[in-house]
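Here is the structure we will look at.
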Amino acid sequence: MSNDDVFFFPHQFLWRFLRDKLSEITPWQKKIKDIESHFGSVVSSYFIFLRWLFWMNLAICIVLTVFVIVPEVRTRIPQNFPC
């Protein structure tokens, strides 16, 4: 074991720890793993794709809200504004 290994192992441990924690908090990860164990990886891939679609739709919703709906609401003309 050289001096380089002493500095490498803590980073490797930290990386593995963070990767494990990320997989624990990933939505529906355990459910998808259960489905994969019963029905195979093809069915699991379908549900992983559905999860990706959900996050893409959520991201598009946030972008639309921030850049379209919020400015539209902020620039609305009051009802009693004299024309």
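Please determine whether any residue of the stretch 27-34 is in contact (Cβ under 8 Å) with a residue 12 or more places away in the chain and in contact with a Phe, Trp or Tyr (Cβ under 6 Å, 6 or more places away or on another chain).
yes
Sort out which residues of the stretch 47-83 are basic (K, R) and under 23 Å from K30 (Cα atoms), and write them in order of number.
R51
Residue-wise test of (1) in a helix (DSSP H, G or I); (2) in contact with a Phe, Trp or Tyr (Cβ under 9 Å, 6 or more places away or on another chain); (3) at pLDDT below 85; (4) surrounded by 10 or more Cβ atoms within 10 Å (Cβ to Cβ).
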position	(1), (2), (3), (4)
P10	yes, no, yes, no
L18	yes, no, no, yes
E24	yes, no, yes, no
V43	yes, no, no, yes
F47	yes, yes, no, yes
A59	yes, no, no, yes
V66	yes, no, no, yes
R76	no, no, yes, no
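The values are calculated or read from the model by the stated rules, or taken from the named source; none is laboratory data. Computed from a predicted structure; not experimentally measured. So basically every Cβ, Gly included, is an ideal-geometry build from the backbone, and we count neighbours across all protein chains shown.
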